[in-house]
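Engineer: Here it is, the structure in full.
Values quoted throughout were computed directly from the atomic coordinates according to the rules given, and no laboratory measurement underlies them. Nothing here was measured: the structure is a model prediction, and the numbers come from that model. FYI the Cβ positions are ideal-geometry reconstructions off the backbone, even for glycines, and counts take in every protein chain you see.
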Amino acid sequence: MAEFSDMKKFVEWLVPDENIKHIEAFVKGFKLSTSSYKRVMHLLNQEMNQGLMRHSQPLADIKMFPTFVRSLPDGSEKGDFLALDLGGTNFRVLLVRLQGHDIDIQSKTYLIPQRIMLGTGTQLFDHIADCIGKFVRDHNLSGQTLPLGFTFSFPCKQEGLAKARLSKWTKGFRCEGVVGEDICQLLQEALKRRTNCSVEIVAIVNDAVGTLMSAAHVDRNCEIGLILGTGCNACYMETLENVQTWDEEKSHPDQVIINTEWGAFGDNGCLDFLRTEYDRELDTFSINPGRQIMEKMIGGMYMGEIVRLVLERLNMEGLLFRSVDNECDLFERGRFYTKYVSEIESDTDDFYHNTKQVLDEIGVENYTTEDCKIVKYVCTLISARAAFLAAAGLATLINRINKTDITIAVDGSLYRFHPRFHNLMCLKIQELVKPGIKFKLALSHDGSGKGAALTAAVSLRLRNTKVIPDTLPAMSELPVRIGIKQKA
Ligand code: ADP
Ligand code: MG
């Protein structure tokens, strides 16, 4: 896959061929100017400030939750940990064996059926507990008390390192009786009900935080974590002075990881100036209309569906697939997967091998080469807009942190597998950050699994040295130096 060395080359490459120009009127809303992205940054910064201030936080869309993570791992973490990763699409149980920088991970993925995603909280946590019970038996771990780190990737108000109340469900989950409850307590009770495993929940983190922790383990410049998976979210290291909502004690080095929950950006209508008719339709038919507006323009749960809505419209206008069957998956909500977008955009020649395979799979027949060209063009526009929006978000954070050298840890299937997401984000960030700032986007390997275990490990190590029990304290208080960077 060719990489673009500058934005100009990408924009030139994107100009549609003469023979597909007639569809332009239906897709031009996805092409946004640099000034639109700058407006996004300005608005995002404003909304983030609202989330950090005590008087405006309760009504702010972007919640900017302070996590209780203030220290990063230093590589001396040791021991066996269980980790859970509940992210939206996958649920995994992991056994993480830490021995300094050597980490051994065994994991198993379990399915969460849709009836459980939309059922009761008790059903959900019973199911999770059953999976843990099975994992512990299969790995011969019964008979020992295992510390557990839980990556729970939904917006939570954190009250301690192992206490987090769900503020709302997102990404296709809507289990009754969980909003406002302490997630760790619900899990602990379910474990007691359903298993005889001895597990102690030590930390609950969001996947963005896990991703940042995991990458910070090997890169000291890492101060931002980004998720591009089912949904989209970011976290970063903020100075305590800017966090009015921090009620705990303030001590040096005065920083805490903020879980932005920026997926909700735009819920008050401030992004309406750039949303397309397709974004509105997707939102209307989602299980949470009016919510998670930014996430719905970026996340893997939605991108394929936006593409499908455009293709459907082009077909209705008589501009695409002239002889398609009404029964075909193209007309079914949710049947055009985001992985198709990656596959289609991976076609590099005029044979359109992957594109044809996808069209065959969804039951489109008698397509022409021109149809393939249009499908690929539509995918390219929609994924580029997603990459650029995520880049505008990152540029806002990078400018806020204002250091000369910064690493952003990224995780999630969309980032991992899309052929051009990384390249396009880099080009756009370069265009939007203050001059002189150097940045790097680094894939965080298994951020959610490793990150939760590392957070638990740091916490246990600190507990054993008898410092404040329920938070990861600032480094200056610690008897042992742990790896955290002072603000310049
Ligand atoms: P989670 O968000 O649960 O942690 P992932 O990071 O695996 O899980 O992200 C899942 C999302 O990634 C799904 O919405 C899916 O549509 C999308 N996805 C899966 N495979 C690909 C791919 N090859 N290219 C782009 N997106 C993908
Ligand atoms: Mg994940």
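Engineer: Normalised by the empirical 2.2 N^0.38 Å for globular proteins, what value does the Cα Rg of segment 18-148 take?
Structural biologist: Values: Rg = 22.9 Å, N = 131, 2.2 N^0.38 = 14.0 Å.
For segment 18-148, the normalised Cα radius of gyration is 1.63.
Engineer: In deg cm²/dmol and to the nearest 500, what is the mean residue ellipticity at 222 nm of the chain if only DSSP H runs of at least 4 residues count, each as -39500 (n - 2.57), divided by the residue total?
Structural biologist: Working: 16 runs with 188 residues, N = 488.
Calculated at 222 nm, the ellipticity per residue is -12000 deg cm²/dmol.
Engineer: Would you please classify the overall shape of segment 123-194 from the alpha carbon gyration tensor, given that a ≥ b ≥ c denote the square roots of the eigenvalues, rounded means a/c under 1.5, and beyond that prolate means a/b larger than b/c while oblate covers the rest? Write out the running numbers ahead of the final one.
Structural biologist: On the way: a/c = 2.26, a/b = 1.68, b/c = 1.35.
Verdict is prolate for segment 123-194.
Engineer: Could you pull out every one of the aspartates and glutamates with an alpha carbon less than 13 Å from that of Lys63, ignoring same-chain neighbours closer than 8 positions?
Structural biologist: Cross-link targets: Glu47, Glu261, Asp267.
Engineer: Return the inverse of the average 1/r over all pairs of distinct C-alpha atoms in segment 209-293, which is the Kirkwood hydrodynamic radius, in Å to one decimal. Don't jump to the answer; show the numbers that get you there.
Structural biologist: On the way: mean 1/r = 0.0655 Å⁻¹.
When all Cα pairs of segment 209-293 are included, the Kirkwood radius is 15.3 Å.
Engineer: Related question: How much length would be gained if the chain were fully extended between Gln357 and Phe273, taking 0.36 nm per residue of separation minus their Cα-Cα distance, in nm to one decimal?
Structural biologist: 26.6 nm
Engineer: Something else now. Give the whole-number value, in cubic angstrom per residue, of the convex hull volume spanned by the C-alpha atoms of segment 37-77. Could you put the intermediate results ahead of the total?
Structural biologist: Working: hull volume 4.3 nm³, N = 41.
Spread over its residues, the Cα hull of segment 37-77 gives 105 Å³ apiece.
Engineer: Can you give me the Rg/Rh ratio for segment 235-333, using Cα atoms for both radii and the Kirkwood formula for Rh? Don't skip to the end; give the middle numbers.
Structural biologist: Values: Rg = 20.3 Å, Rh = 16.6 Å.
That ratio equals 1.22.
Engineer: If you take all C-alpha pairs in segment 338-418, what percent of them are over 20 Å apart?
Structural biologist: 46
Engineer: On to the next question. Is the shape of segment 277-358 best called rounded, prolate or oblate, per the rule: a/c under 1.5 gives rounded, else a/b larger than b/c gives prolate, else oblate, with a ≥ b ≥ c the square roots of the Cα gyration tensor eigenvalues?
Structural biologist: Numbers: a/c = 2.29, a/b = 1.39, b/c = 1.64.
Because a/c hits 1.5 or more and a/b fails to exceed b/c, segment 277-358 counts as oblate.
Engineer: Shifting gears a bit: Mind checking segment 332-378 for trypsin sites (Lys or Arg not before Pro) that DSSP puts in a loop (not H, G, I, E or B) and that have at most 14 other Cβ atoms within 10 Å? Before the final figure, lay out the partial values.
Structural biologist: Details: sites: Arg333, Arg335, Lys339, Lys356, Lys373, Lys376; in loops: Arg333, Arg335.
Those that pass, being in a loop and sparsely packed, are Arg333.
Engineer: Specify the inter-centroid distance of segment 107-175 and segment 288-319, based on alpha-carbon positions, in whole Å.
Structural biologist: 29
Engineer: Can you tally the net charge around Pro16? Count Lys and Arg as +1, Asp and Glu as -1, for every other residue whose Cβ sits under 12 Å from the Cβ of Pro16.
Structural biologist: Details: positive: Lys21, Lys28, Lys31, Lys373, Lys376; negative: Glu12, Asp17, Glu18, Glu24, Glu370.
Within the 12 Å Cβ shell, the charges total 0.
Engineer: Over the Cα atoms of segment 14-88, what is the Rg over Rh ratio if Rh follows Kirkwood? Intermediate results must be reported in sequence, preceding the final value.
Structural biologist: Working: Rg = 22.1 Å, Rh = 17.9 Å.
Taking Rg over the Kirkwood Rh, I get 1.23.
Engineer: What's the FRET efficiency of Phe417 with Ser35 using the Cβ-Cβ distance as r and R₀ = 35 Å, to the nearest 0.05? Write down the numbers at each step before the final one.
Structural biologist: On the way: r = 31 Å, r/R0 = 0.89.
In this case the efficiency is close to 0.65.
Engineer: Do any GluC sites (Glu not before Pro) in segment 269-354 lie in a loop, going by DSSP, with at most 15 other beta-carbon atoms within 10 Å of their beta carbon, and if so which?
Structural biologist: Working: sites: Glu277, Glu281, Glu295, Glu305, Glu312, Glu317, Glu327, Glu332, Glu343, Glu345; in loops: Glu317, Glu327, Glu332.
Listed in order of number, the matching sites are Glu317, Glu327, Glu332.
Engineer: Could you derive backbone 3J(HN,Hα) for segment 328-337 from the dihedral phi with the Karplus parameters 6.51, -1.76 and 1.60 (θ = phi - 60°), listing whole Hz in sequence and x where the residue is Gly or Pro?
Structural biologist: Each residue of segment 328-337 in turn: 5, 4, 4, 9, 9, 4, x, 9, 10, 7 Hz.
Engineer: Could you pull out every residue, at least 5 positions away or on a different chain, whose amide H is within less than 5 Å of the one on Val205? Hs are placed 1.01 Å off N in the peptide plane, and Pro or chain starts have none.
Structural biologist: It is Phe150, Thr151, Phe152, by chain and number.
Engineer: Using only Cα atoms, what is the ratio of the radius of gyration of segment 385-457 to 2.2 N^0.38 Å? Before the final figure, lay out each step's value.
Structural biologist: Values: Rg = 13.2 Å, N = 73, 2.2 N^0.38 = 11.2 Å.
In units of the globular-protein estimate, segment 385-457 measures up at 1.18.
Engineer: Run through segment 9-57 and list the GluC sites (Glu not before Pro) located in a DSSP loop whose Cβ has at most 15 other Cβ atoms within 10 Å. Display every interim value, and only then the final one.
Structural biologist: Details: sites: Glu12, Glu18, Glu24, Glu47; in loops: none.
Sites meeting the loop and neighbour criteria: none at all.
Engineer: Moving on. Per residue of segment 301-312, what does 6.51 cos²θ - 1.76 cosθ + 1.60 with θ = phi - 60° give for ³J(HN,Hα)? Whole Hz please, x for Gly and Pro, Karplus curve as stated.
Structural biologist: 5, 10, 4, x, 5, 4, 4, 4, 4, 5, 4, 4
Engineer: Per the Kirkwood definition applied to all pairs of different Cα atoms, how many angstroms is the hydrodynamic radius of segment 194-242?
Structural biologist: Details: mean 1/r = 0.0776 Å⁻¹.
Final number for the Kirkwood radius of segment 194-242 is 12.9 Å.
Engineer: Per residue, what volume in Å³ does the convex hull of the Cα atoms of segment 301-436 enclose? Write down the numbers at each step before the final one.
Structural biologist: On the way: hull volume 15.4 nm³, N = 136.
So the per-residue hull volume is 113 Å³.
Engineer: In terms of Cα to Cα distance under 19 Å, which lysines are near enough to Lys31, apart from those fewer than 8 places away along the same chain?
Structural biologist: Correct list for Lys31: Lys8, Lys9, Lys21, Lys296, Lys373, Lys376, Lys428.
Engineer: In addition: When DSSP assigns beta bridges and you keep just the ones with both residues in the chain, what percent turn out antiparallel, to the nearest 5?
Structural biologist: The answer is about 60 percent antiparallel.
Engineer: I would also like to ask the following. For Asn233, list long-range residues whose amide hydrogen, built 1.01 Å from N in the peptide plane, is under 5 Å from its own amide hydrogen.
Structural biologist: For Asn233, whose amide H was placed from the backbone, the distant partners under 5 Å are Ile227.
Engineer: Just the Kirkwood number for the chain, please: inverse of mean 1/r across all distinct Cα pairs, in Å, one decimal. Intermediate values should be presented prior to the final figure.
Structural biologist: Details: mean 1/r = 0.0429 Å⁻¹.
The Cα-based Kirkwood calculation yields 23.3 Å.
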